1. So, in region 101-131, exactly how many residues are among the small types (Gly, Ala, Ser) and farther than 20 Å from residue 42 by Cβ?
2. Would you please name the residue that is surrounded by the most Cβ atoms within 10 Å (Cβ to Cβ), looking only at residues in region 72-101 that are under 10 Å from residue 56 (Cβ atoms) and of a type in the set (Val, Ile, Thr)?
3. Does region 88-122 hold any residues that are free of Cβ contacts under 8 Å to residues at least 60 places away in the same chain and out of contact with any Leu (no Cβ under 8 Å at 6 or more places or on another chain), and which are they?
4. Residue 35 fails exactly one of the following numbered conditions: (1) modelled with pLDDT of 85 or more; (2) among the basic types (Lys, Arg); (3) not in a strand (DSSP E or B). What is the number of that condition?
5. Exactly one condition in (1) buried (at least 18 other Cβ atoms within 10 Å of the Cβ); (2) within 20 Å of residue 59 (Cβ to Cβ) is not met by residue 128; state its number.
6. What residue, among those in region 51-72 that are of a type outside the set (A, V, I, L, M) and part of a loop (DSSP other than H, G, I, E, B), is farthest from residue 131 (Cα to Cα)?
Amino acid sequence: MKTFIFAAFAGLILVATGCVKTATGSHSPALTWSKDRVEGRYQRSVEQVYQASVKVISDNGVIVTEYIPHDTTNSLRSLQGKVNNKNVWVSVQAVDPGVTQVVVQSRSSMGVSDIALSHELEKEIALQLAR
């Protein structure tokens, strides 16, 4: 009986969890479907915003993966990192010729969103660009 209850509980947890699309285009497990991303737009080039993003993630944690697609015209770049034992994804994309958008998304390894960390990192990117 205990095995049946445990199996039912494990099945319920598997059904309750899901996946979310990350800022880099990959998928991550999610326990909550709350807001986990923050966007910012800056009148800077993609390269400047991307380098500021790399610096901020490197200063606060570690970069795990950088993704620069070779089939585009360098208008999209993204990276994945770990900050405070949380997964962080950053996507940098050109919106207009003079405007670049950065999307910062963060979740714990269990899939719980951390909007405060996303907001903090996005503001640090803005401050890095102001320097």
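1. Total satisfying the criteria: 5.
2. Going through the qualifying residues, I end up with 90.
3. Listed by number, the residues that qualify are 95, 96, 97, 98, 99, 100, 108, 109, 116, 117, 120.
4. Every listed condition holds for residue 35 apart from (1).
5. Failed condition: (1).
6. 71
The values are calculated or read from the model by the stated rules, or taken from the named source; none is laboratory data. Computed from a predicted model, the values in this text were never measured in an experiment. Ideal geometry is used to build each Cβ from the backbone, glycine not excepted, and the neighbour counts take in all protein chains shown.
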